[in-house]
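No value in this document is a laboratory result; all are computed from the given coordinates. Please read these numbers as outputs of a predicted model, since none were measured by experiment. Backbone-built Cβ (ideal geometry, glycine too); neighbour counts: all protein chains shown.
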Amino acid sequence: MNKFKAYRIHSNPNEIHSGFEMLELNDLTSGNVIIKSIYSSINYKDALAATGQSKILKKSPLVGGIDVSGVIESSEDNHYQRGKKVFICGSGLSEVRDGGYAQYVRIPGQYIMKLPTGISLYEAMAIGTAGFTAALAIDQMQTNGQSPDQGPILVTGATGGVGSYAIDLLSNLGFKVIALTGKRDQDDYLHGLGASEIVYSKALFMGDRALEKGLWAGAIDCVGGGLLSWLTRTVQPLGNIAVIGLTGGTNINTTVMPFILRGINLLGINSADSSPVRRKKIWHRLATDLKPQYINKIVTQEISFEQLPEMFDAYLQGQIIGRTIIKF
């Protein structure tokens, strides 16, 4: 096989630099399956890794990109034959093994997902880690007893990839969804995904009492920090808060009062380390009862592989709406 293009990240204690390089298969981390990449996507985590804003890589150098879909080029794993359509989301890509920002990916077969019936290579990346994380949060909330008749669910960071899919999936399940955003020009987008109401973050009065008025039956929080602290004080009795993001900070300030007097639950959502069984279950739901209704609205742009480096700063600055798809 000839050399191919990859977006590689080099990390050392003093600096992180990244860019396109021409690689050979033997330059990649080990694996018994070779995938020819067709689509990938950009997640906030990808921007953190590529720019060094957060320490994502656990070894260096690595090809970036936590999501990829494509076609099996060659395989030493009997479960995967040449020509089969497959995808990978998370599973250590761009953390401990080379990721999806390359024209070819080499990976152990155990981390590969076969496309569920009804989902295309494009849709797998349109959903990607963002949609998978939203579905995982909803599944965990339902397991913990959340139901539409309890009342509305607040989704923070609502215009991002996870937030957008959370609104889509929740509304399709019959939940009333309230979107919280700092973007006052995205009302049509959020209502179009199924949000019944929109709350603007800059207009919030958070108060400082241990318990504020209970406003929501539950929440999916993509922000963290002070906003998550406020959610613990404003979720109604027995409500679930699915904790996903940290764009607003990693620290929270709360008391035991919401937990022992209202019985609220903080549910940590870790999509990266989900077991194969869990992944298969969630992706089956994403192909059936949780299949997004508004993928074409949530994917707001499709770019070429060469345009990838131009996008990272916009992600870090919170300027991106929905999802960005990369076509190889």
Review point. Can you list, largest first and rounded to whole Å, the semi-axes you get for region 129-268 by taking the square root of 5 times each eigenvalue of its Cα gyration tensor?
Key: 21, 17, 14
**Study point:** Two-site FRET efficiency, Asp313 against His79, from Cβ-Cβ distance with R₀ of 45 Å, rounded to 0.05
**Key:** 0.70
**Study point:** Linear extension gain, Glu24 paired with Gln142, 0.36 nm per residue minus alpha-carbon span
**Key:** 37.9 nm
Review point. Under DSSP H, which helices of the chain have Cα atoms covering 20 Å or more of the helix axis and a Kyte-Doolittle average no less than -1.0?
Key: 121-143
Revision key, fill the gap. Computed over the chain, the relative contact order (Cα-Cα under 8 Å, seq sep at least six) in percent reads 17
Review point. By counting other Cβ atoms within 10 Å of each Cβ, how are Cys222, Cys89 ranked from fewest to most?
Key: Cys89, Cys222
Revision key, fill the gap. Calc'd 3J(HN,Hα), region 5-18, phi into Karplus 6.51 cos²θ - 1.76 cosθ + 1.60 (θ = phi - 60°), Hz, glycine/Pro = x, comes to 8, 9, 9, 10, 10, 10, 10, 9, x, 9, 7, 10, 9, 9
Study note, to complete from the structure: The distance between the Cα centres of region 91-132 and region 5-19, in whole Å, is 21
Exercise for review: Mind checking which aspartates and glutamates have their Cα closer than 20 Å to the Cα of Lys59? Skip sequence neighbours fewer than 8 apart in that chain.
Suggested key: Glu15, Glu21, Glu24, Asp27, Asp46, Asp67, Glu95, Asp98, Asp273
Point to revise | Sequence-distant residues sharing a close amide H with Leu115 (under 5 Å, placed H) | key: Phe87
Review point. Normalised by the number of residues in region 135-246, what is the relative contact order in percent for Cα pairs under 8 Å and 6+ residues apart?
Key: 28
Review point. Ranked by Cβ crowding within 10 angstrom, fewest neighbours first, how are Leu266, Leu180, Leu57 ordered?
Key: Leu266, Leu57, Leu180
**Study point:** Alpha carbon centroid spacing (whole Å) that separates region 150-165 from region 300-328
**Key:** 21
Practice item. Work out how far the C-alpha atoms of the chain reach from end to end along every principal axis, then list the three figures in whole Å, largest first. Key: 63, 45, 36
